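Scroll down for the structure; my scribbles are underneath it.
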Amino acid sequence: SSDRVTVCKSFFGKVTNDPAFTFPQLITHDSRVKRTEVETIYFVKAGGRRFRQDRPYYSLASDDMRYLLAMCRDSGSAIGLHASYEAGFSSTLVADEKKTLEDAVGQVSYNRHHFLCSREPEDMQALEQAGITDDFTMGYADAAGFRLGTCRATNWINPADKSVHPLQLHPLTVMECTLDRPTYMNMDYADAETYCKKLIDKSEYFGGEVTLLWHNTSFTGASWYAQLYESLTEYLA
């Protein structure tokens, strides 16, 4: 079948044959909106082997990953750590994963946990101890909005002793799959677009920021995620 041919070409051929290799499309589109105060960040996973949620497993030293990382750097985009699902359960892994990524790309200051999987104060402490300055995990998977109660980046406050820390938490405004999954918000395209634009308007009104989380796989197949991404970035511009 055509699907099997695609898989074979992807596995045995160049990374550009992979249907999920949508980064050139992303970079081209993002370059059109950088006239505004927009920062593009590609979060890259650098660890995680125990859980299936961390698949696909890959080496940052492979030719394919070096090609991708160079493409991201050359586009002027930032590269952040995509702390693994496993690190969401064992926060001590964050430092090792960050070092692995930095060995490949240089200094890394940003993080977002895979599956939004940061739960405890120890997770924030691990980020700080590893040298992460900004985290973009704070959002609920099942509802787009303002998990922190604000649209502005805020310092992490340790609930154990109420101490204020340098780590900046950036509220996650929208993750694409939150909008239409039946177990989440179950919206169609029109409702999702209207809802997201209201969140953007609210953030602008209060002088905040908008953080969009779109996966590279969202630009494949018949989903309307790509159409919505283009609509929202143009609205922001």
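Results, tabulated for the structure shown:
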| item | result |
| --- | --- |
| Residue in segment 42-59 that is most open to solvent (accessible area, probe 1.4 Å), counting only those that are touching a Lys or Arg at 6+ places or on another chain (Cβ under 8 Å) and among the hydrophobic types (A, V, I, L, M, F, W, C) | F43 |
| Condition met for R152 (within 22 Å of Q53 (Cα to Cα), among the basic types (K, R) and either without any contact (Cβ under 8 Å) to a residue 60 or more places away in the chain or open to solvent by less than 20 Å² (accessible area, probe 1.4 Å) (or both)) | no |
| Test: residue in segment 111-120 that is in a loop (DSSP other than H, G, I, E, B), of a type in the set (G, A, S) and closer than 19 Å to E39 by Cβ | no |
| Lone unmet requirement of (1) assigned to a helix (DSSP H, G or I); (2) in contact (Cβ under 8 Å) with a residue 24 or more places away in the chain for A70 | (2) |
| In segment 166-204, the residues that are free of Cβ contacts under 8 Å to residues at least 40 places away in the same chain, open to solvent by 50 Å² or more (accessible area, probe 1.4 Å) and in a loop (DSSP other than H, G, I, E, B) | R181, P182, N186, D188 |
| From the options T6, T36, T28, T16, residue that is part of a helix (DSSP H, G or I), more than 22 Å from A61 (Cβ to Cβ) and at pLDDT 55 or above | T28 |
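This table checks each residue for (1) within 26 Å of T178 (Cα to Cα); (2) part of a helix (DSSP H, G or I); (3) in contact with a Ser or Thr (Cβ under 7 Å, 6 or more places away or on another chain).
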| site | (1), (2), (3) |
| --- | --- |
| G76 | no, no, no |
| G80 | yes, no, no |
| S84 | yes, no, no |
| D96 | no, yes, no |
| Q107 | no, no, no |
| Q125 | no, yes, no |
| E128 | no, yes, no |
| L148 | yes, no, yes |
| V164 | no, no, no |
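The values are calculated or read from the model by the stated rules, or taken from the named source; none is laboratory data. In this text, all values refer to a predicted model and were calculated from it rather than measured experimentally. Here Cβ is always computed from backbone atoms with ideal geometry, including for glycine, and neighbour counts include all displayed protein chains. Note: accessible area is taken over every heavy atom of the protein model, side chains too, but ligands, DNA and RNA are not part of it. Shrake-Rupley method; radii C 1.70, N 1.55, O 1.52, S 1.80 Å.
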